[in-house]
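The structure appears right after this line, and notes come after that.
Bear in mind these aren't lab numbers, they're just calculated from the coordinates by the rules spelled out. Being a predicted model, the structure only gives us computed values, none of them experimental. Cβ placement follows ideal geometry from the backbone for every residue including glycine, while neighbour counts extend to all protein chains displayed.
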Amino acid sequence: MQVPHSRPRSIRRLVSRVALGAVATGIVMVGTPGTASATTTGDITPMLDCYTYNSNGTYTVILGYTSTYVGRRNVPAGGTSNYSSPSKYNAVLPSNFDPGTRHAVIKVDVSAYEVNSGASWYLMGHQLNYLAAAQASGVCSPGTVLPAEGNGTGMAIGLVAAGAVGAVGLRRLRKRTTAAQAATPAA
């Protein structure tokens, strides 16, 4: 006669449900774009903080923006309202814009040819021509804080990795529990 193993099974169910809930929450957080403000009035204007001339003949432009929206606004990079010319720089553009003036959000390394050919950032109907803006803003001072690398996806990647580690751990726990139950002699 076998003794029912209701307690370990209920614990396994609880652990499974918690892990499934955590993975589902992580997927929803990763897949959901930034929340836009409840208000639809506002504007986002790109700005060039400063630039540096590099020894290899390229320029590094330090970019920021001013947003008059009350809350965070999502404007997908590479879309019709947030893109770069040349388009190869779309990948470094931000997609989420917090309210207020934000300096040194991104840095873009552009060739002298691209700068002289009209390299620009187009955001919400505004064009920021790097050459014209650089002439107005000037060279970065030695103490200029440069933006950190990345585009804000680090947390999303971390959540996905944590979910994967949790799923692997849960699977191992299930295998061990099943093997322990199989090894328990019947009474």
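Remarks
- Residue match in segment 77-89 (condition: within 28 Å of residue 141 (Cα to Cα) and without any contact (Cβ under 8 Å) to a residue 12 or more places away in the chain): yes
- When each of 63, 48, 93 is tested for being in contact (Cβ under 8 Å) with a residue 24 or more places away in the chain, closer than 16 Å to residue 122 by Cα and touching a helix residue (DSSP H, G or I) at 6+ places or on another chain (Cβ under 8 Å), the lone residue that passes is 48.
- From the list 52, 68, 144, 80, the one residue that fits, being β-branched (Val, Ile, Thr) and touching an Asp or Glu at 6+ places or on another chain (Cβ under 6 Å), is 68.
- Of the residues making up segment 56-76, those that are among the aromatic types (Phe, Trp, Tyr) and under 23 Å from residue 140 (Cα atoms) are 59, 65.
- Strands (runs of 3 or more DSSP E) completely within segment 68-127 that count 2 or more residues being surrounded by fewer than 18 Cβ atoms within 10 Å (Cβ to Cβ) and over 19 Å from the mean Cα position of the chain (by Cα): 100-111
- Answer residue from segment 128-138, given it is surrounded by 15 or more Cβ atoms within 10 Å (Cβ to Cβ) and free of Cβ contacts under 8 Å to residues at least 24 places away in the same chain and is farthest from residue 80 (Cα to Cα) among those: 131
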